[in-house]
Every structure is written in structure tokens, then in C-alpha cells.
Amino acid sequence: SRHDTSGGTTVTPVRPRRGRRWLFGATIALAAALTGAAATSAVSHGPWRGPGFMGGPFDPARAEDRADRGIRHLGVEVDATAEQQEKLRAIVKGLVKDLLPMREKAMAARDRGRVLLTGPTVDRAAIEALRAEQMALADAASRRFAQALADAADVLTPEQRRKLDERLAEFRERRGFWHGWRRG
């Protein structure tokens with residue numbers, strides 16, 4: 001309960017039904033498996049992935065290849081048909097294609113932020129403009145990601161989404177041994 005100081009009344013928030021919370025949880029799990037694994041790892045780079053981290057420029061074709069391999073692996077895990085896999089590939093390929101320019105904008109903004117931080121004067125208006133641009137960019141990326149998630153969920157059957165949930169649970173259990181120290 002919350003107390004409203006203007007009128008002195010108590011407002012009790014409405015709790016979502018359990019079924020909706022389960023659906024929300026399943027949606028998040030589906031997002032992590034379908035587009036998160038394929039698109040995020042395809043767009044990101046690091047020292048464990050070779051070129052891209054002080055080893056050469058980022059390669060969009062390589063990102064698409066990673067996404068494609070991720071979808072093939074997912075298709076095997078959930079017994080997706082060839083037609084479903086093609087639809088999922090198209091969804092993820094479109095997502096990667098749309099997110100890559102956003103990645104470039106975020107990289108450029110990081111450089112602008114560094115310049116603003118280290119400049120001889122503090123330009124608060126420029127910092128605020130950069131913040132607003134980055135919030136709009138994050139919102140656009142989030143919307144595009146959500147669209148791809150919904151499109152991918154439409155391609156899979158309820159049974160396939162259940163299998164996906166089971167695989168994610170297994171992955172979390174295996175990963176929890178190594179990453180559990182971060183929680184708590």
C-alpha cells in the first residue's frame with residue numbers, strides 16, 4: 001500500500017494475475033534465447049571472439065554468420081522445421097541489419113562523451129543532448145528487439161517454446177555454478 005499525501009487516502013496497487021506473470025517470464029526467456037544469443041553475440045565483440053577487439057574492424061558479415069549459426073542451433077534444440085528455421089533466420093538477419101547502425105551510433109556517442117568529459121569546459125547542454133540521443137537510441141533498439149521477439153514467438157509452436165524454456169533453465173543451472181558469485 002502507498003499513502004497519497006495530497007488526499008490522505010491509501011492506494012493499493014493491483015497485482016497481475018499469476019498467468020500473466022508466467023507469460024511475461026516466458027516472453028523474457030524466449031527473448032534471451034532467440035534474439036539475445038543470436039543477435040547480441042553477433043553484434044558484440046571481445047577478446048575471446050578474435051578480430052574486433054584490437055585485432056581489426058568489426059565485420060557485419062561475420063555478425064550475420066554468427067546469428068545464422070545461432071538460429072540453426074536453436075532450430076535443432078526445439079525441433080524446428082526447415083520452414084520455421086528460414087523464418088527465424090530472416091527475423092534475426094533483419095534484427096542484426098537494423099541493430100548494426102545503432103551500434104555504430106553508440107560507438108560514436110561514446111567518443112563524443114569522452115570529448116565532452118575531457119574538454120577544457122563543461123558543456124552541460126551538450127552533455128544533456130548526448131544523453132537524450134542515447135536514450136532515444138536505446139528506446140529504438142529496444143523496440144526493434146521486442147518486434148523481433150514477438151515475430152520469433154509467432155513462428156514457434158507452444159511446445160517448441162516450452163522446450164526452449166527447458167533448455168534455458170538447464171543453461172542457467174550450468175552457468176549458475178560459475179556466475180553465482182555475482183548474485184546476492
When every residue in region 62-77 that is without any contact (Cβ under 8 Å) to a residue 60 or more places away in the chain, open to solvent by less than 60 Å² (accessible area, probe 1.4 Å) and of a type outside the set (Gly, Ala, Ser) is compared, the one nearest to Gln160 (Cα to Cα) is Ile71
Go over the candidates Glu128, Glu170 one by one and state the one that is over 30 Å from Glu83 (Cβ atoms) and free of Cβ contacts under 8 Å to residues at least 60 places away in the same chain. Glu128
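Residues checked against (1) assigned to a loop (DSSP other than H, G, I, E, B); (2) exposed (fewer than 13 other Cβ atoms within 10 Å of the Cβ):
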| residue | (1), (2) |
| --- | --- |
| Asp79 | yes, yes |
| Lys97 | no, no |
| Glu104 | no, yes |
| Arg110 | no, yes |
| Leu116 | no, no |
| Gln134 | no, no |
| Leu137 | no, no |
| Ala140 | no, no |
| Gln160 | no, no |
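Just checking, which of Leu117, Leu95 is hydrophobic (A, V, I, L, M, F, W, C), under 30 Å from Val155 (Cβ atoms) and at pLDDT below 95?
The match here is Leu95.
Counting just the residues of region 82-95 that are open to solvent by 70 Å² or more (accessible area, probe 1.4 Å) and either out of contact with any helix residue (DSSP H, G or I) (no Cβ under 7 Å at 6 or more places or on another chain) or among the hydrophobic types (A, V, I, L, M, F, W, C) (or both), which one comes out farthest from Arg144 (Cα to Cα)?
Among residues in region 82-95 that are open to solvent by 70 Å² or more (accessible area, probe 1.4 Å) and either out of contact with any helix residue (DSSP H, G or I) (no Cβ under 7 Å at 6 or more places or on another chain) or among the hydrophobic types (A, V, I, L, M, F, W, C) (or both), the one farthest from Arg144 (Cα to Cα) is Ala82.
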Is it true that Arg49 is out of contact with any Lys or Arg (no Cβ under 8 Å at 6 or more places or on another chain) and modelled with pLDDT of 50 or more? no
Residue check: is Arg172 more than 19 Å from the chain's Cα centre (by Cα) and either open to solvent by 60 Å² or more (accessible area, probe 1.4 Å) or on the phi > 0 side of the Ramachandran plot (or both)? no
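The values are calculated or read from the model by the stated rules, or taken from the named source; none is laboratory data. What you are looking at is a predicted structure, and each value in this text was computed from that prediction instead of being measured. Cβ coordinates were reconstructed from backbone atoms using ideal geometry, including for glycine residues, and neighbour counts include every protein chain displayed. These area figures cover heavy atoms from the full protein model, side chains too; ligands, DNA and RNA do not enter into them. Shrake-Rupley method; radii C 1.70, N 1.55, O 1.52, S 1.80 Å.
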